[in-house]
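Working notes, structure below.
Nothing in this text is a laboratory measurement; each read-out follows from the coordinates by a stated rule. Please read all numbers here as calculations on a predicted model, not as lab measurements. Positions of Cβ are backbone-derived with ideal geometry, glycine not excepted, and every protein chain shown enters the neighbour counts.
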Amino acid sequence: MGDHQLDDFPSLFSLKGKVAVVTGGSRGLGLSAASALLQAGCSKVFISSRKRSACEDACKVLNSLLPNISGKAISAPADAASIDGVRSLVEQVSKEADHVDILLANAGATWGEAFDTHPDSAFAKVMDLNVRGVFNTIREFAPLLQKRATVEDPSRVVITASVAGLGIGTIGKQATFGYSASKAAVLHLGRNLAVELGPRHITVNSICPGFFPTKMSNGLLKLSGGAEKIAEANPMKRLGRPEDIAGVVVYLTSRAGGHVNGAAIEIDGGALWARGELMEPGKAKL
Ligand SMILES: NC(=O)c1ccc[n+]([C@@H]2O[C@H](COP(=O)([O-])OP(=O)(O)OC[C@H]3O[C@@H](n4cnc5c(N)ncnc54)[C@H](OP(=O)(O)O)[C@@H]3O)[C@@H](O)[C@H]2O)c1
């Protein structure tokens, strides 16, 4: 093939033999992503969240995807908000794998309450998991991520941020000040880490989902007028679906996404643009 030809398209999106860790993998977006990682060929996908039974149940569901998968899901319960929890997760993973190729720092929490009564404890809890926890997870996993990483085949970190970190989150009675601030912070953390870890052959990118019906978003969805109303306001006339997360995660973690670093990909059907709220770093909102 000539210099400008692609000669191995079938392997472009393959994750054959890769080892992945998904925090917040027991349900919602993390579970959708984990299911995609396994079906794209990962040999091991560690499913982590605080509740042991939730991790085990998710693994059962994922491992029943046979014969569509050749790898396996492995339960690794841990609290990503505490440094001890993160270290215990690294220890559990190290017992079953000598390296990690893909880390999805996806665990997150939110809190809705009006400005005047917005509790300090809630703000702290959200920042601890959504920002400090993400930083700790990436730092503690860096040695395992570096083990097999090369210029040709870099390891990958994907942070689940949110469009709430790009535009204005929910304000009013159920305002999500801590959440919105945490997602803006973690997006910028991702850009910093992309530059720091690039030379170690690790890419760091963020995904920014819009509304996806999950346990976390269902309450807010109701308060915002319901799924139908939110879907109607979206340029694509629907909410997010598991395949929307799956497609972007597989792209970013496969050979196809090997030169994408420090990016933040919105997965919201263009809803934020439709609201005129998308702000790009360094650009004033017109
Ligand atoms: N759904 C949306 O519309 C939406 C939009 C934008 C961004 N996001 C982001 O997507 C990510 C996943 O959210 P989701 O919507 O899928 O919510 P979800 O269904 O509530 O799932 C959250 C996951 O995180 C785990 N988790 C919570 N606290 C944890 C902790 N301290 N340590 C480890 N795991 C923890 C939960 O399991 P345990 O309870 O067992 O710990 C669960 O597996 C979050 O970062 C969220 O901010 C979601």
Return the distance in nm (one decimal) between the two label points of a simple spin-label model at Ala124 and Lys95, each offset 7 Å from Cα along Cα→Cβ.
3.2 nm
Given backbone amide H placed at 1.01 Å from N, residues whose amide H is under 5 Å from that of Ala109, ignoring those fewer than 5 places away on the same chain, are Asn130
Which shape class applies to region 122-209: rounded if a/c is under 1.5, otherwise prolate when a/b exceeds b/c and oblate if not, where a ≥ b ≥ c are the square roots of the Cα gyration tensor eigenvalues?
prolate
For the residue pair His259 and Ser82, what label-to-label distance in nm results when each label sits 7 Å from Cα along the Cα-to-beta-carbon direction?
4.5 nm
Please give the length that would be gained between Ala227 and Lys16 if that part of the chain were fully extended, namely 0.36 nm times their separation in residues minus their C-alpha to C-alpha distance (nm, one decimal).
72.3 nm
Looking at this model, which pairs from Lys60/Lys222; Lys44/Lys173; Lys16/Lys125 are more than 32 angstrom apart at the alpha-carbon?
Lys44/Lys173; Lys16/Lys125
Ranking of Ile74, Ile207 by count of other Cβ atoms within 10 Å, fewest first:
Ile74, Ile207
How high is the relative contact order of region 15-274, given as a whole-number percent (alpha carbon pairs under 8 Å, six or more residues apart)?
19 percent
Can you list the residues, at least 5 places off or on another chain, whose amide H is less than 5 Å from the amide H of Ser75, using H built in the peptide plane?
Ile47
What helix-only [θ] at 222 nm does the chain give? Using -39500 (n - 2.57) per DSSP H run of at least 4, over all residues, to the nearest 500, the answer is -12000 deg cm²/dmol
Net +/- balance of residues flanking Gly190 in space, Cβ distance below 13 Å, scoring K and R +1, D and E -1:
+2
